[in-house]
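J.: Sharing a structure with you now.
The values are calculated or read from the model by the stated rules, or taken from the named source; none is laboratory data. Being a predicted model, the structure only gives us computed values, none of them experimental. Counting neighbours? That spans all protein chains shown, and the Cβs are built from the backbone with ideal geometry, glycine included. Note: areas computed on protein heavy atoms with side chains; ligands, DNA, RNA excluded. Shrake-Rupley method; radii C 1.70, N 1.55, O 1.52, S 1.80 Å.
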Amino acid sequence: MKLSRIAAYAWALVLAVALSLTGAGVAAAATQAAGSHYVALGDSYSSGVGAGSYDSSSGSCKRSTKAYPALWAAAHSPASFNFTACSGARTGDVTASQLGPLSSTTDLVSITIGGNDAGFSDVMTNCVLYSESTCLSKVASARAYADSTLPGLLDSVYSAIRSKAPNAHVVVIGYPHFYKIGGNCISGLSENSRSAINGAADELNSVTAKRAADHGFSFADVVPAFTGHEICSGSPWLNSVVWTNIGESYHPTAAGQSGGYLPTFTNAA
């Protein structure tokens with residue numbers, strides 16, 4: 001009986017310590033979020049093109065208050081938030097004009113980059129305007145570029161980020177599938193073209209994930225979050241062709257930013 005009481009007391013003590021540490025861990029996590037210095041880099045998928053509500057001071061970069069970096073900052077109140085992502089950005093644009101806010105105190109960085117380097121805008125233009133064979137040829141060229149040339153460009157960007165922000169947790173976020181195959185679209189691109197475009201997104205994500213891992217960065221795959229919300233689904237989170245504002249075509253809507261990119265980034269941050 002005496003040993004049982006001792007064992008029970010010891011177990012209660014262990015449980016109390018565990019609960020205390022758990023509480024401390026939660027509090028520390030909250031403090032870390034509130035005290036973080038966050039910098040959001042990248043292309044139009046990070047700036048929020050397609051989501052509307054653009055900050056007029058951002059000009060042609062089209063940084064949206066509905067983009068995932070702004071939404072995360074609003075929810076977590078970091079100690080500082082610098083939003084330099086820009087529509088149309090390529091890897092060279094990031095290193096040339098977006099890294100200014102990074103420093104040794106930066107502890108969180110997000111980035112989407114590589115799609116413009118691989119020529120996805122040109123791919124989608126050709127796929128929409130021309131034949132299936134032209135579309136498939138352009139997709140093949142983009143995939144070849146992603147395999148052969150993009151890795152070195154990503155290495156340059158990631159090395160520059162690490163050099164300027166040596167203590168940061170860097171989250172590299174990928175791109176979604178554009179199309180639901182076998183969906184409810186009755187016109188437009190062929191299923192072969194849609195499948196090829198999705199495959200190119202997978203290739204780009206695979207290359208990006210490998211380069212991110214080699215630099216010690218986290219890769220956040222957004223494809224699962226967008227599954228069921230692609231173009232041709234019943235509830236798309238991506239714009240199809242927007243004839244009145246062509247630059248917003250094939251970009252996440254506000255729902256895609258809040259329902260797809262934001263939770264994906266939050267889980268990895």
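J.: Out of THR244, THR266, I need the residue that is surrounded by fewer than 21 Cβ atoms within 10 Å (Cβ to Cβ), touching a helix residue (DSSP H, G or I) at 6+ places or on another chain (Cβ under 7 Å) and farther than 23 Å from ALA146 by Cα. Which one?
T.: Numbers: THR244 fails: touching a helix residue (DSSP H, G or I) at 6+ places or on another chain (Cβ under 7 Å).
When all the criteria are applied, what remains is THR266.
J.: Which is within 20 Å of ALA85 (Cβ to Cβ) and in contact with a strand residue (DSSP E or B) (Cβ under 8 Å, 6 or more places away or on another chain), of ILE197, ILE161? Lay out the reasoning, then the answer.
T.: Working: ILE197 fails: within 20 Å of ALA85 (Cβ to Cβ).
Sole residue among the options that is within 20 Å of ALA85 (Cβ to Cβ) and in contact with a strand residue (DSSP E or B) (Cβ under 8 Å, 6 or more places away or on another chain): ILE161.
J.: So the check is Cβ under 9 Å with 6+ separation or different chains; which pairs have a first residue in the range 109-120 that's in contact (Cβ under 8 Å) with a residue 12 or more places away in the chain and charged (D, E, K, R) and a second one that's assigned to a loop (DSSP other than H, G, I, E, B) and open to solvent by 20 Å² or more (accessible area, probe 1.4 Å)?
T.: So the pair list comes out as ASP117/ARG90; ASP117/THR149.
A quick yes/no check of all residues on (1) part of a helix (DSSP H, G or I); (2) on the phi > 0 side of the Ramachandran plot; (3) at pLDDT 95 or above:
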position	(1), (2), (3)
SER4	yes, no, no
GLY23	yes, no, no
TYR38	no, no, yes
SER46	yes, no, yes
TRP72	yes, no, yes
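J.: Still on this model: Can we say SER206 is polar (S, T, N, Q) and more than 20 Å from the chain's Cα centre (by Cα)? Explain how you work it out, then say what you get.
T.: Working: polar (S, T, N, Q): yes; more than 20 Å from the chain's Cα centre (by Cα): no.
So SER206 fails the test.
J.: While we're looking at this one, here's another question. Would you be able to tell me the number of residues in the range 119-158 that are part of a helix (DSSP H, G or I) and either of a type outside the set (A, V, I, L, M, F, W, C) or in contact with a strand residue (DSSP E or B) (Cβ under 6 Å, 6 or more places away or on another chain) (or both)?
T.: Step one: filter the range 119-158 for residues part of a helix (DSSP H, G or I), giving 120-129, 132-148, 150-158.
Next, only the ones that are either of a type outside the set (A, V, I, L, M, F, W, C) or in contact with a strand residue (DSSP E or B) (Cβ under 6 Å, 6 or more places away or on another chain) (or both) stay: 121-122, 125-126, 132-134, 137-138, 141, 143, 145, 147-148, 151-152, 155-156, 158.
Residues flagged as part of a helix (DSSP H, G or I) and either of a type outside the set (A, V, I, L, M, F, W, C) or in contact with a strand residue (DSSP E or B) (Cβ under 6 Å, 6 or more places away or on another chain) (or both) within the range 119-158 amount to 19.
J.: Any residue at all in the range 212-219 that's in a loop (DSSP other than H, G, I, E, B), in contact (Cβ under 8 Å) with a residue 60 or more places away in the chain and crowded, with 17+ Cβ neighbours inside 10 Å? Reasoning before the result, please.
T.: The first filter runs over the range 212-219 and keeps only residues in a loop (DSSP other than H, G, I, E, B), leaving 215-217.
Now narrow it down to the ones that are in contact (Cβ under 8 Å) with a residue 60 or more places away in the chain: 215.
If we keep only those that are crowded, with 17+ Cβ neighbours inside 10 Å too, we end up with none.
Looking for residues that are in a loop (DSSP other than H, G, I, E, B), in contact (Cβ under 8 Å) with a residue 60 or more places away in the chain and crowded, with 17+ Cβ neighbours inside 10 Å, one finds none in the range 212-219, hence no.
J.: I'm trying to understand the selection: among the residues of the range 160-180, which are in a loop (DSSP other than H, G, I, E, B), over 22 Å from PHE226 (Cα atoms) and open to solvent by 40 Å² or more (accessible area, probe 1.4 Å)?
T.: Initially, the range 160-180 is screened for residues in a loop (DSSP other than H, G, I, E, B), giving 165-168, 174-178, 180.
Then keep just the ones that are over 22 Å from PHE226 (Cα atoms); that gives 165-168.
Within the range 160-180, PRO166, ASN167 qualify.
J.: Of GLY199, GLY234, GLY183, which residue is among the small types (Gly, Ala, Ser), part of a helix (DSSP H, G or I) and surrounded by fewer than 17 Cβ atoms within 10 Å (Cβ to Cβ)? I'd like the intermediate steps shown before the answer.
T.: Working: GLY234 fails: part of a helix (DSSP H, G or I); GLY183 fails: part of a helix (DSSP H, G or I).
The conditions single out GLY199.
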